[in-house]
Amino acid sequence: MTWPDEAVADGTATTPAHPSRIALFETIRADRTGPVATRLLRLAHAGTPFVRREALDLLHSLARERPWPEAVNAAVARLSDPDEEVRRRAACLFGYRGQPGLVLEALGELADPVVRTILARALGPTAARLTGDDLASVRFLAHLETLRAAPPTRWSSLDAALLDDVREAAHHLEDIGHLWGQALYGLRREHDTYALVARLLADPATRDIGAGLAREACHDWRVAPVRLLPLLVEHRGERVTPALGVALTTASISEAAMRTHGALLAEVPFTPYPRARRIPSTTTAYDSASAAALLAAKPVGITRLAHACEIFEALLNAGPLTFRQAAQLYNLTFRRPGRSQAECAPLWLRHAGPSALPRLLALMTPHLADYAVGEYYLAGLARMGGHARLALPAVTALIDRRTRIPVNDSTRDAEMRLDESLLAAALSTRRAIHADAVATPPAPPSPR
């Protein structure tokens, strides 16, 4: 039984999708009392720090899937390991997978501030009991958990307690701005967040913490970059620290902030967030004959079609659709949500006339805030122009949000960029609907 030792020692067991990792996980999942599981538990006490770290990482991953008391016990035994990284991993495993009562008990007995901070953080709401702890980072986490559930009448005193500890707590909480911002966002304390950022930035000793909180605010609140970018520039000091530079990069994602305050950044050394690159549209020219030939080769039940706009516009420009072509357009419009539906909805309106409008808008408006396809639906409404004016409340609601649209991407900055793109598309759509409504007023009623 040497292969588990070799896989952990050479790092392949912690390499995603590596055969060694897959074999290790499958074997232990099948039998947590078998020889491979027993061997991995022993490796948490190996003589080499690297092996101990890797083994604890693997044990934590497996303990996430279902409780594994033996893995937790292995972590407890390494809380006083001579290697700090081993202690960190052991604290994470014990803190997140151990019994809260036992974690609290260990917190009272341990001295290592790094381990104690990790355990307090892992406790979540239970950490609220620790407001009297002698370690600033633990007290900060305790007050933060208390704040999350506190009524507004207690906010001021809890803010003061957090400010008292924040400088010292930052020694053991690297992402303190992120943690604080999360709590404030959960309470919808937007303007209090800006006030705290201003206070933290004004003090050189807490400036980097203020920059971290400012960055978190930009990720959470749409107006934050406009409000905070001038403060970040004003309090940059003699040099731009890495924390301030990252916050400025994040704030630069906001088009509104750059329009309003872009000139302030002219003399500030920082890395602007890369502008989104627009992929050139690959429009293909179709005449009615080539469009008809292409559709003839497609099934009637088609639900996706590249260049649908150009194909059906060529046919509609030449005259009415055939019964088969109309059926294809119907299926593209109504059968499956996504890009094809968004692009074909305006074409169905053109084919079927205004009577189809209520059904089309009911189909389109639920997808406007979808970060994957929302821009296509907004573009579809823009092409409908004044006909889509009944969708204006949904478009305006998207524009008027104070918080970012929840999206899922690789980084918080990238997620903010997606929200900014949706906001820009919604503004463009609203302008297009209003402009067409003015340019083409409704025709007067025909005389009877």
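The values are calculated or read from the model by the stated rules, or taken from the named source; none is laboratory data. This structure is a prediction, so every number in the text was calculated from the model and none was measured. In this analysis, Cβ positions are derived from the backbone assuming ideal geometry, glycine residues included, and neighbour counts consider all displayed protein chains. The area values use the complete protein model at the heavy-atom level, side chains included, leaving out ligands, DNA and RNA. Shrake-Rupley method; radii C 1.70, N 1.55, O 1.52, S 1.80 Å.
Points worth noting:
- Wholly enclosed helices (runs of 4 or more DSSP H) of segment 86-157 bearing at least 3 residues among the charged types (D, E, K, R) and at pLDDT 95 or above: 136-148
- Among the residues making up segment 241-266, those that are in contact with a Leu (Cβ under 9 Å, 6 or more places away or on another chain), part of a helix (DSSP H, G or I) and touching a residue at least 12 places away in the same chain (Cβ under 8 Å) are 244, 247, 248, 251, 255, 256, 257, 260, 261, 264, 265.
- Test: residue in segment 22-30 that is charged (D, E, K, R), over 24 Å from residue 113 (Cα atoms) and in contact (Cβ under 8 Å) with a residue 24 or more places away in the chain: yes
- Complete set of residues in segment 122-157 that are over 23 Å from residue 95 (Cβ atoms) and either surrounded by 15 or more Cβ atoms within 10 Å (Cβ to Cβ) or under 26 Å from the mean Cα position of the chain (by Cα) (or both): 150, 155
- Counting residues in segment 71-81 that are under 17 Å from residue 115 (Cβ atoms), among the hydroxyl-bearing types (Ser, Thr, Tyr) and out of contact with any strand residue (DSSP E or B) (no Cβ under 6 Å at 6 or more places or on another chain) gives one or more.
- Note on segment 40-85: residues that are among the basic types (Lys, Arg), assigned to a helix (DSSP H, G or I) and surrounded by fewer than 18 Cβ atoms within 10 Å (Cβ to Cβ) amount to 2.
- Screening residue 112 on (1) buried (at least 16 other Cβ atoms within 10 Å of the Cβ); (2) closer than 24 Å to residue 166 by Cα; (3) under 27 Å from the mean Cα position of the chain (by Cα) shows it passes everything except condition (3).
- Selection from segment 344-372 of residues that are open to solvent by 30 Å² or more (accessible area, probe 1.4 Å) and touching a Gly at 6+ places or on another chain (Cβ under 7 Å): 367
- Residue satisfying condition, being under 30 Å from the mean Cα position of the chain (by Cα) and either small (Gly, Ala, Ser) or over 30 Å from residue 244 (Cα atoms) (or both), within set 266, 318: 266
- Segment 321-342, residues that are part of a helix (DSSP H, G or I), in contact with a helix residue (DSSP H, G or I) (Cβ under 8 Å, 6 or more places away or on another chain) and open to solvent by 40 Å² or more (accessible area, probe 1.4 Å): 324, 330, 339
- Segment 243-257, residues that are open to solvent by 30 Å² or more (accessible area, probe 1.4 Å) and either at pLDDT below 95 or out of contact with any Asp or Glu (no Cβ under 8 Å at 6 or more places or on another chain) (or both): 246, 255, 256
- Residues that are of a type in the set (A, V, I, L, M, F, W, C) and open to solvent by less than 10 Å² (accessible area, probe 1.4 Å), drawn from segment 168-181: 169, 173, 176, 180
- Positions within segment 289-318 being in a loop (DSSP other than H, G, I, E, B) and open to solvent by less than 20 Å² (accessible area, probe 1.4 Å), in sequence order: 302, 305
- Lone qualifier among 273, 286 - being under 15 Å from residue 416 (Cα atoms), assigned to a loop (DSSP other than H, G, I, E, B) and open to solvent by less than 70 Å² (accessible area, probe 1.4 Å): 273
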